[in-house]
Each structure stands twice: as structure tokens, then as C-alpha cells.
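Notes for the one structure printed next.
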Amino acid sequence: MKRAESIAEHNIEISVEQALSTRWAPKTAAGARAIPFDFETRVEMAVERFFQTHAEYPHSRVSINRRVDRAAEAAEGLDSQRVYPHGLRATASTFHAARGLTGLPLQAFMGWEKLATAETYLNGTTEATRRALRSVHSSR
């Protein structure tokens with residue numbers, strides 16, 4: 001909000017609402033999506049509790065980066081230099097792929113434009129390899 005107010009303050013032809021509308025735009029059409037969060041009770045409760053207080057996430061990308069940095073620095077056993085939002089997104093992708101989420105649902109969930117991106121996560125997990133080996137050898 002502060003950034004949008006600053007943009008409007010320095011550009012007479014732009015209102016705060018117009019400045020806000022340009023923030024957080026998805027990179028692709030696939031990025032504009034509903035994100036299911038009821039796959040785990042703890043996740044569902046945390047998200048619902050947050051949105052009981054807030055109509056939207058009221059912070060900037062920089063604020064998110066700062067919060068992730070602080071959380072990583074406070075966590076024992078983590079190299080805080082290796083924890084960042086996009087890396088956490090990749091971790092989530094790997095987690096869901098390892099749990100058995102298939103290509104198209106993973107693509108839709110993560111908001112990727114191309115299925116090939118999902119396949120990167122699906123084909124690279126140890127758990128996916130284990131499942132494939134069990135499947136092939138279970139019939140013998």
C-alpha cells in the first residue's frame with residue numbers, strides 16, 4: 001500500500017487504486033488461479049485464520065523476502081543464505097510431486113504455463129523413482 005501511495009503521490013495522473021491494480025500481477029494467464037489449500041487440515045486452518053483478519057496479503061514482495069530471511073535465520077540447522085521464497089516454492093513443488101500429485105494437477109496448482117515445468121519436479125524425485133520401481137516390480 002505504501003508503495004502504491006508513493007507512486008500516486010509522484011504521478012498526478014495515477015491514483016492509489018490504479019497503482020495498486022498494477023501490483024501482484026501474474027506473469028502468465030496460468031498464474032491467475034484459485035489455489036486449493038484444504039489438502040491438509042493445519043494448512044487450511046492457518047489460511048482461514050489469516051483471512052479472517054485480512055482481506056488480502058497486505059505486504060510487498062520485499063516484505064515477504066524479509067520475513068523469509070528472518071524465519072530462516074531463526075531456524076536451527078538451516079543455512080539462511082540458501083532459503084528464499086522461490087526456493088520454498090520449488091520445495092513445495094518437490095513435496096507435492098513426491099506425494100504423488102501428477103503432472104496436470106501440479107501444473108495447475110503451481111500456476112505454470114507449461115507442463116514441462118511440472119515434469120521437471122515429477123521426474124526428479126527419489127519417491128517418484130521408488131513408486132515407479134515398486135509399480136514395475138509388484139506384478140512379478
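The values are calculated or read from the model by the stated rules, or taken from the named source; none is laboratory data. Just so we're clear, the structure is a prediction, and the values are computed from it rather than from any experiment. We place every Cβ from the backbone using ideal geometry, glycine too, and count neighbours over all the protein chains shown. Protein only, heavy atoms only, side chains kept; ligands, DNA and RNA dropped before computing areas. Shrake-Rupley method; radii C 1.70, N 1.55, O 1.52, S 1.80 Å.
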- Query: Percent of accessible area on the chain owned by carbon and sulfur, 1.4 Å probe?
  - Reply: 55
- Task: Can you sort 13, 44 by 1.4 Å-probe accessible area, starting with the largest?
- Result: 13, 44
- Place a point 7 Å from the Cα of residue 128 in the direction of its beta carbon; the residues of region 70-100 whose amide N falls under 18 Å from it are 87-100
- Hey, if you drop one equal point scatterer on each alpha-carbon of region 1-66 and run the Debye formula without solvent, what base-10 log of I(q)/I(0) do you get at q = 0.16 Å⁻¹? -0.76
- Item | Rounded to 10°, Cα long-axis angle of helix 126-138 versus longest principal axis of the chain | 30
- Note on the structure: Per-residue accessible area, 1.4 Å probe, largest first, puts 114, 2, 27 in the order 27, 2, 114
- Item | Accessible surface, the chain, averaged per residue in Å² (probe 1.4 Å) | 78
- Note on the structure: Per-residue ellipticity at 222 nm attributable to helices in the chain (runs of n ≥ 4 DSSP H, -39500 (n - 2.57) apiece, nearest 500 deg cm²/dmol) works out to -18500 deg cm²/dmol
